[in-house]
Amino acid sequence: MTGRVRGVLAVVGVLGVVGVIAGPMAAAQNRPPGVPRGEIAIPVAPESNVASSNGPLRQLQPGGPFRTARGVVVLVSHGARTTVRLHVTGVKPAGGTFGAHLHTGPCVAGDGAAAGPHYNTDAIAGRKPVRMDREREIWLDFTVSPTGAATASTVVPFAPTPGNRSIVIHQEPTNSHGAAGPRLACLPLTWN
Ligand SMILES: [Cu+2]
C-alpha cells in the first residue's frame, strides 16, 4: 500500500462518508491480489494529492452563527481535476445559505483579511481580466439544515498549487461576480 493510498484511508477514518471515494470503495469489493482481507483497496491515480482538515471553525467576526460550528474539508486532486467536499455541523441558529470558497491565505481567527483573495486560476497565472466563476475558483456555498448541518462539494478543472490556505465562509451566498459579503469563519487547509 502506498503512502498516498494510506492518506485516503486516513481521510475515510476522519469523515466516515466521503462522496468522492464512495464509487471507488464500492468498486473495491473485488479484492485485488496482494490486498489483505479486511483492507480496502482504493484506486488512486499516481498524480493524486489529498489534503484534509477537521476541527472547530475559526471565527472571523464575533457572535456569528458559526460560534459552535465544526467543519471537515477534503480536497482530492487527480491530475488536473480536483474534488473538494465541505461538511459543517453545529451551526446556530440553524438555517440560511452561506458562500464559501478556497482563499489563497491562511485561516487566522479574528483576522479575515489574512485569508487573502479567492484562489483563482486567472489570478495565479497572471491572466487578465480575472474572471471569477466556479471553473476558476473553488466555491462551496451551502444551505444549513434544521439540524444545523450542511454539506457542499465541487469539482474543478485544475489542481490548486500547494500552500497554507483556507476555506472562508461568508455571510451571503456567492453572487455572479464571486462576492459573498463579510467573512464570518474559516477552516485551515494546508498541503504541499
Ligand atoms: Cu470567499
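Miscellaneous remarks
- In a reduced charge model with +1 at each Lys and Arg Cβ and -1 at each Asp and Glu Cβ, region 47-191 shows a dipole moment near 140 debye about its Cα centre.
- Taken one residue at a time, the phi angles of region 175-192 give Karplus couplings (6.51, -1.76, 1.60, θ = phi - 60°) of 8, 5, 9, x, 8, 8, x, x, 8, 9, 7, 8, 9, x, 8, 10, 8, 10 Hz. Gly and Pro are set to x.
- Tensor-based shape of region 60-191 (alpha-carbon gyration tensor, a/c under 1.5 rounded, otherwise prolate or oblate): prolate
- For region 47-191, relative contact order (Cα pairs under 8 Å, six or more residues apart, normalised by length) works out to 31 percent.
- Top positive-direction residue, dipole computed over region 47-191 with Cβ charges, set Gly181, His103, Gly90: Gly90
- Extension gain for the segment Lys128 to Val155, taken as residue separation times 0.36 nm less the Cα-Cα distance, is 7.4 nm to one decimal.
- Summing Lys and Arg as +1 and Asp and Glu as -1 over all other residues whose Cβ lies under 13 Å from the Cβ of Ala114 gives a net charge of +2.
- For region 161-174, 3J(HN,Hα) per residue [Karplus equation, 6.51 cos²θ - 1.76 cosθ + 1.60, θ = phi - 60°, Hz, x = Gly/Pro]: 6, x, x, 9, 10, 8, 9, 9, 9, 10, 6, 10, x, 5
- Under 5 Å between amide hydrogens, built in the peptide plane, is the criterion, and for Leu57 it picks out Ala69, Arg70, Gly71 among residues at least 5 positions away or on other chains.
Taken together, the values in this text are just the output of simple stated rules run on the coordinates, not laboratory data. Just so it is clear, the model here is predicted, and its values are computed rather than measured. We place every Cβ from the backbone using ideal geometry, glycine too, and count neighbours over all the protein chains shown.
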